[in-house]
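The values are calculated or read from the model by the stated rules, or taken from the named source; none is laboratory data. Predicted model, so just to flag it, every value in this text is computed and none were measured. With ideal geometry, Cβ positions are generated from the backbone for all residues, glycine too; neighbour counts draw on all protein chains shown. Just so you know, the surface numbers come from the protein's heavy atoms only, side chains and all, with ligands and any DNA or RNA stripped out. Shrake-Rupley method; radii C 1.70, N 1.55, O 1.52, S 1.80 Å.
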Amino acid sequence: MIIFKRKKKILEILEMQELNLQLAVFFKDIQKRPDEIWYKMKDGIKELFFAPPTIIPLPEDAPPEIPIVQTKSSDGAYNINISRTRADFIINFVQTLEDCREQELMNEFADSIYSVCGVSRVGISKNVMFTEVTSENSGVQRISNKYFNGGQRDAVELSFRKNVIIAIDDIDCNDIYDISAMSLIDISGEKGPSIIRVLRDINSVEKGKKLELQSAKNIIDYGLQQYSENKLRELI
C-alpha cells in the first residue's frame with residue numbers, strides 16, 4: 001500500500017505517468033577501474049551532469065556489483081551508476097522528454113561503454129504508473145479481468161508477472177511483464193483512487209560471449225518501440 005499526498009485535481013487529469021527508463025549494460029569482463037569508463041564517456045552524456053561523480057574507493061575483494069561511480073544531474077532527471085560488472089543509465093521523467101531524445105541518449109551511452117570495453121548483455125526497462133479515478137473500474141478489477149478471468153477481485157492488491165523468450169537480431173532476450181495494482185492512501189488516511197504500475201523489461205540472455213554493438217542497439221530500439229503509451233496501455 002502506498003502513502004500518497006493526494007492532490008485531487010492532478011489525479012483527475014493524470015492517466016499515465018512515466019516514472020523511469022533504464023538501460024543496463026553488462027561488461028564481458030570485470031572492470032578494475034570503472035572510473036575510467038566515466039572519464040571516457042562521450043560528451044553528449046557527460047554534459048548532462050554538471051558536478052563531478054562520486055567515486056567510492058572500494059577494495060578489490062568487495063562485491064563487484066556495488067556501484068563505484070555514481071552521478072546524477074542537478075534536476076534529478078538522469079542517473080549513471082557504474083560498478084565493476086555493469087553500467088546503468090537511468091532517465092527519471094521529472095520532465096517531458098521527446099522519444100527521439102531518449103533513443104539518442106541510450107545509443108550514445110551504449111557507444112560510450114563499447115568504446116572502452118566488451119559487452120556481454122544489455123537490458124532496457126520502463127516503469128510507468130496508471131491512475132484510476134473511479135472505484136467502479138479499479139486497478140485490481142482491471143488486472144483481475146485481464147489476467148485472472150475475473151477471479152481475485154476481492155484482493156486489495158493484485159499482481160501479474162510473466163517472462164517470455166523472444167529473439168531480437170537472432171539474440172535470445174527475456175521479455176518481462178510485471179503489472180501490479182494497489183490503492184492510494186492520502187495523508188489523512190482516506191482511501192483514494194487505485195494505481196496500476198507497469199514494468200516492461202527486455203534484456204538479452206547470453207552470458208560470457210561478446211554482444212556486438214549493433215545487436216545491442218537493435219535491442220534498445222526494439223524496447224523503445226514497445227514502450228509507447230499505446231503499447232503499455234494494452235497491458236492493462
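Tabulated values for the structure
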read-out: Answer residue from region 24-45, given it is surrounded by 17 or more Cβ atoms within 10 Å (Cβ to Cβ) and in contact with an Asp or Glu (Cβ under 6 Å, 6 or more places away or on another chain) and is modelled with the lowest pLDDT among those; value: 45
read-out: Test: residue in region 38-58 that is touching a helix residue (DSSP H, G or I) at 6+ places or on another chain (Cβ under 6 Å) and among the basic types (Lys, Arg); value: yes
read-out: Count of residues meeting criterion [surrounded by fewer than 20 Cβ atoms within 10 Å (Cβ to Cβ) and assigned to a helix (DSSP H, G or I)] in region 103-129; value: 7
read-out: Matching residues in region 52-84 - criterion: being farther than 24 Å from residue 229 by Cα, part of a loop (DSSP other than H, G, I, E, B) and either touching a strand residue (DSSP E or B) at 6+ places or on another chain (Cβ under 6 Å) or among the aliphatic types (A, V, I, L, M) (or both); value: 53, 56, 58, 62, 66, 67, 68
read-out: Residue tally, condition more than 17 Å from residue 126 (Cβ to Cβ) and open to solvent by 50 Å² or more (accessible area, probe 1.4 Å), over region 190-206; value: 4
read-out: Selected residue (only one of 21, 48 is in a loop (DSSP other than H, G, I, E, B) and surrounded by 14 or more Cβ atoms within 10 Å (Cβ to Cβ)); value: 48
read-out: Region 207-227, residues that are open to solvent by 20 Å² or more (accessible area, probe 1.4 Å), under 16 Å from residue 166 (Cα atoms) and of a type in the set (S, T, N, Q); value: 218, 225, 226
